[in-house]
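Quick notes on the structure that follows.
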Amino acid sequence: MSEPKYLESLNPEQKAAVLQTEGPVMIIAGAGSGKTRVLTYRIAHLIATGVDAFNILSLTFTNKAAKEMRNRIETVVGGEARNIWMGTFHSVFAKILRIEGDKLGYPSNFTIYDSDDSKSLIKSIVKEMNLDDKMYKPNAVLSRISNAKNNLIQAHVYQKQSDLIAYDETTGKGKIHAIYLEYSKRCFKAGAMDFDDLLLNTFKLLNNFPDVLNKYQHKFKYVMVDEYQDTNHCQYMIVKKLASVFENICVVGDDAQSIYSFRGATIKNILNFEKDYPDLKVYKLEQNYRSSDTIVSAANSVIAKNKDQLEKKVWTNNLEGNKIKVIRAVTDNEEGKLIAQNIFESKLSKQKMNSEFAILYRTNSQSRSLEEALRKLNIPYKIYGGTSFYQRKEVKDVLAYLRLVINHNDEQALKRIINYPARGIGKTSLERVVIAASDEDKSMWEVISSAHLYPQLKTSIPKFRDFVNMIKSFEILCQTQNAYDIAMHIARSAQLLKTLNDDKTIEGISRYENIVELLNGIKEFVEDDTNESEKDLGSYLQDIALLTDSDKDDGDNDKVSLMTIHQSKGLEYKKVFVSGLEENLFPSQMSLGSRSELEEERRLFYVAITRAEEDLVLSFASSRFRFGTLLPCEPSRFIDEIDNAYLELETRGKNSSMRNREISKDSNSSANGPSNLRRTIAKQTQPKIIRPPVISNFTPSDMSDICEGMKIEHQRFGLGTITKLDGQTGSEKATINFEDFGEKTLVLKFAKLRKV
């Protein structure tokens, strides 16, 4: 009997991993080694050999990955692919909680809070507790709570952990345990779960209800987990429980790409997997199909410096390719200009699309100089991780209406829309509702629904009654109408469309168009035959609540991509720029306290390198503005860790003529040793680091007659020419081209300029 066609495209190791369907399996998948293909064909092979698709659980980290895999599987086995339980941890567990959540006291239509909802609730709790909002910032508090949940520490347990409370006290946040407890109570009362609750509550279900655990253990006879190196302790425990009966568990991952410890991910899950399953079969996918031989070899030379890793040797049959360019700039502004110029010239000389380029950086703040440089050359770009469409105010307003119709106890949704559009319910009335709800341990909806029972609310009774009746009327329609019809009805009846349509400003028109686009998206959801979800409002709200950054797209794809390295994982581009390769920036100064932290930074650099298919450019600045001061910078140790045979130093700019040169070998290094870039640069003519000029007795001039073209002097930046003036009275800005520091925009009332 001939083997199935889908096996013919696999290399021997990939094929072996696909055919090993029984027992515990770990697939170590190097960068660009075709792991998605292996996962896809492994599931297809299970179905083709008689396994019921309903008995397969496949967990991913993005909806995009799950959808791509399901589509590929469908081309092999047909419509049966739709019956696989496949999706992100959060989407699959949300589905289970919709079915079983009542055992934990949650309604089946519970709300999923996004980070904005959670932070808003925490902000309210901090205010109600009369705590210092500068000390108890929502981001920091939520991060601490999230970390506890990921480690299966519930609020009532946190209260009793003296070591946790002692740590919080040392950071000046000794009341986090009280905030956590109140936050959990309020979420529960609102019938809401945040993203971490979707994991924690699934664990509680499986741990506290043996019948539920038994049901899903026997349902999911085959369990597969993608990106296993990114799992946290809670995810690890859930997967272990689900697979404990049949032990047909297959995990796929790459320890060299474990970069999410700040989210609670632990590399130990993949490093120690064999301890849980002694009869484990391990397959290593080591052939890279993505990158040139130079890039693959350079990446290997970097990651080899890590001690904690699973042994593997990634290789490729691809061409050797170009050497890796290293750009040295004088300042961070010049770095941005050189990168933008490089892209501009590549587009002209090689006819490349904008979408073939990506610029990666360690921190979001680095994007400023890069954006400015791209704009000046009219190169279109998009930033990943910016404000999502679903985070825009007008969109969140409409979604809040939809959420409240589904779940009346959703406190955050109610607060958002009870007086939008304005219906005369003021801040004082709302505060009285909050106090009454807290005193009687009721939801805000329960209080406003019976406002006539509260004397302190008597002036607002008619307004509360009208609001409640409106929401209830929407609820009735939900029973017979699909998500689009009810959303359109709400947008019209609640005057949302009219309110925005009446605003004829540019911003108002944009907000109106965003609402129309949201409604279009709901229409697409309802009419999408490939979507297995129900078409009701609750299913739609869950669908968008579980979107990840990588699932969102603005539709215009021919743009240069700018993003942090963390956001680049799983993506690939023809040409990649990794900027800001300086000590204390990358590796981050915050990650130099221990070997494990430094090794994660090195894995992050490995991820950055392996995003490139054909060309890779590394850049650093000899000086960079940090906290308002120009500081000298040292090239990152990570550049030194790349074998010198793969590098080529490119220096270019007003301070040095254009020249490419191989990184010279130090006399004490081997032919394939590290690049010793610091030593190489020291031997070459290095541009002088420009430090802020020291001008003693500097006295600013009266600039009331300021005009474009005027020559001025700044105490820090020195001599310059004003090229542009704009802004309103009191906040006028001047764009100044400084001789040594390039173009900067300064607010005049703070600039302290002197005429020359």
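At a glance:
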read-out	value
Dipole in debye (nearest 20) - the chain, about Cα centre, beta carbon charges: Lys, Arg +1; Asp, Glu -1	1580 debye
Burial order of peptide ranges 352-364, 149-161 (average beta-carbon count within 10 Å, highest first)	352-364, 149-161
Links that overshoot a 25 Å alpha carbon limit, given the list Lys35/Lys119; Lys137/Lys752; Lys123/Lys393; Lys64/Lys185	Lys35/Lys119; Lys137/Lys752; Lys64/Lys185
Segment Ile506-Lys350, length gained on full extension (0.36 nm per residue, minus Cα span)	52.3 nm
Global size of the range 205-319 as Cα Rg and Dmax, reported in angstrom	17.0, 56
Formal net charge of residues neighbouring Glu641 (Cβ-Cβ distance under 11 Å; K, R +1; D, E -1)	+1
Cβ-derived FRET efficiency at R0 45 Å, Asn71 paired with Asp441, nearest 0.05	0.40
Label point distance in nm, Lys123-Ser596, each placed 7 Å from Cα along Cα→Cβ	3.4 nm
Sorted peptide list for 427-436, 38-47, 336-345, criterion being average Cβ within 10 angstrom, highest first	38-47, 336-345, 427-436
Among beta bridges that DSSP assigns inside the chain, antiparallel share in %, nearest 5	40 percent
With every protein chain in place, the chain: carbon and sulfur % of accessible area (1.4 Å)	49 percent
When the convex hull of its Cα atoms is projected in every direction, mean area for the chain (nm²)	38.7 nm²
Per residue Cα convex hull volume in Å³ - calculated over the range 162-238	138 Å³
Cross-link partners of Lys215 among lysines (Cα-Cα below 19 Å; sequence separation of 8 or more within a chain)	Lys95, Lys103, Lys204, Lys240, Lys241
Descending semi-axes in whole angstrom, ellipsoid equivalent of the range 150-189, from the Cα gyration tensor	18, 12, 7
Calculated FRET efficiency for the pair Arg375/Ala166, C-beta based, R₀ 45 Å, to 0.05	0.35
Per residue, in Å², the accessible surface of the chain once ligands and nucleic acids are set aside, probe 1.4 Å	45 Å²
Estimated inter-spin distance, Ser9 and His452, nm [label 7 Å along Cα→Cβ]	6.8 nm
Spin-label pair Lys137/Ser704, simplified geometry with 7 Å Cα→Cβ offset, distance in nm	4.1 nm
Span from the the range 415-431 Cα centroid across to the the range 161-224 one, whole angstrom	32 Å
Net length gained if the chain between Arg465 and Thr735 were fully extended (0.36 nm per residue, minus Cα distance)	91.7 nm
Computed FRET value (nearest 0.05) for Lys268 with Asp726, which takes r as the C-beta separation and R₀ as 45 Å	0.25
Taking the C-alpha atoms of the range 1-107, convex hull volume expressed per residue in Å³	132 Å³
Among 83-96, 135-148, the order from most to least packed when residues are scored by Cβ within 10 Å on average	83-96, 135-148
Where only C-alpha atoms are counted, convex hull volume of the range 49-125 per residue in Å³	110 Å³
Value of [θ]222 nm, deg cm²/dmol, for the chain, DSSP H segments ≥ 4, -39500 (n - 2.57) each, nearest 500	-13000 deg cm²/dmol
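The values are calculated or read from the model by the stated rules, or taken from the named source; none is laboratory data. Predicted, not measured: the structure shown is a model, and the values here were computed from it. All Cβ positions, glycine included, derive from the backbone under ideal geometry; neighbour counts span all protein chains shown. Accessible surface is based on the protein model in full, side chains and every heavy atom, while ligands, DNA and RNA are left aside. Shrake-Rupley method; radii C 1.70, N 1.55, O 1.52, S 1.80 Å.
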